[in-house]
Amino acid sequence: MPRPQKRGRRADADKEFRVDPTEEDEEDDEEEPVADDDDDEEALREKQREVDAKNGLDLWGDVQRDKTKSPKGPLAFLQGNNTLGDWTPESRSLPKEIVNAYHEIGHPIKRCTTSRGYVRALMKICVECNVPFPKPGKGYTTRTWIAMLLIWCAPMRKGGRRRLQLERAAFFSYQLLKVSEKAALALAPPKPGACELCSTTAIKQLFKHFPGADEIIWGDYFKVTRVGDTFHITVLKKKTLHRDHLELSLLFRGWVCNNCNARKLHKLDSLSSDDYKVFGRRVYVNCTTFI
């Protein structure tokens, strides 16, 4: 965290500044939070399943639209056969295209052997079940892709070869996500008082917009106070915090509130625009000490 330069005392240094966190949202059409802060873990998981099903249906619709375009759109390949070419589970290395795609979204694939192994396991599932590999950073997550597989196979004959392939791909991919999630969340440090992503954003605002202030209030959530060369967070309204990690990796990204988990980090998981590449690299650098 950068340190503020020493400065003389200003007449308005003790003035209280309030910031509306909603002004920091970049888009108005982002998903609603997965669950309210008062929901228990089971309710949160149920809502997450509902969101996954909705997103899977939306992805399926996007795939169908891209298949009708001429030339076909980028998502059209998601309904078809294996897209990994000559690669096999016995291959010693992973395709550079796959490695670079994961690296761009902040995945520690080039540093963490275990995280790299999770990606290899997903590739093995796709080859053995003859389904397209879900490339990262293309607007969907692995969870969304799994839901799309189940929608794809739903109208097929029960017990049919292709339906079994799709069901197996969905089942084993979901189990792989659970394994990687459990391993990553085990690396979580003690829970802080406030969302780590909100806190980081608030401190940046203190530097950028209020260089002369000694404290700011972030909505009705918490207060950031300068204490020498560091900062102190005073929680004004307690919120439920959840452990967040990056899919198919040991990268624990922090304790975050529902809003950040469902909005900002969902975008980080699914997109690979220039802005999110920078964000992803920053999160990666902050978190790789746990790997």
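The values are calculated or read from the model by the stated rules, or taken from the named source; none is laboratory data. Just so we're clear, the structure is a prediction, and the values are computed from it rather than from any experiment. Counting neighbours? That spans all protein chains shown, and the Cβs are built from the backbone with ideal geometry, glycine included. Each accessible area value is taken on the protein alone, full model and side chains, heavy atoms only, with ligands, DNA and RNA left out. Shrake-Rupley method; radii C 1.70, N 1.55, O 1.52, S 1.80 Å.
The alpha carbon gyration tensor of region 54-122 gives principal lengths a ≥ b ≥ c with a/c of 1.5 or higher and a/b greater than b/c, which makes the shape prolate. Residues in region 70-119 average 58 Å² of solvent-accessible surface per residue, probe 1.4 Å, ligands and nucleic acids excluded. In region 127-264, inverting the average of 1/r over every pair of distinct C-alpha atoms gives 18.1 Å as the Kirkwood radius. Within the full protein context, the accessible area of Arg120 is estimated at about 70 Å² for a probe radius of 1.4 Å. In order along region 119-125, phi translates into HN-Hα couplings of 5, 4, 5, 5, 4, 4, 4 Hz, rounded to whole numbers, per the Karplus curve 6.51 cos²θ - 1.76 cosθ + 1.60 with θ = phi - 60° and x for Gly and Pro. Cross-link pairs exceeding 29 Å in C-alpha to C-alpha distance, out of Lys96/Lys208; Lys208/Lys239; Lys138/Lys223; Lys110/Lys239; Lys69/Lys110, comprise Lys96/Lys208; Lys138/Lys223; Lys110/Lys239; Lys69/Lys110. Using a probe of 1.4 angstrom and keeping all protein chains present, the accessible surface of region 148-272 works out to 46 square angstrom per residue. Scaled against the 2.2 N^0.38 Å expected of a compact globular protein of N residues, the Cα radius of gyration of region 61-215 reads 1.33. Accessible area per residue was computed with a 1.4 Å probe on protein heavy atoms; Thr83 scores about 60 Å². Annotation: amide H of Gly254 within the under-5 Å range of Asp244, sequence separation 5 or more or interchain, hydrogens built in the peptide plane.
Carbon and sulfur: what percent of region 120-204's accessible surface (1.4 Å probe)?
Working: 2290 of 3910 Å².
On region 120-204, the fraction of accessible area on carbon and sulfur atoms equals 59 percent.
Report the paramagnetic label zone for Asn81: residues of region 164-196 whose backbone N is under 17 Å from a point 7 Å from Cα along the Cα-to-Cβ axis. Residues 164-166 fall inside that zone. Each peptide in 127-135, 229-237 gets a packing score, the mean of other Cβ atoms within 10 Å over its residues, and the list from highest to lowest is 127-135, 229-237.
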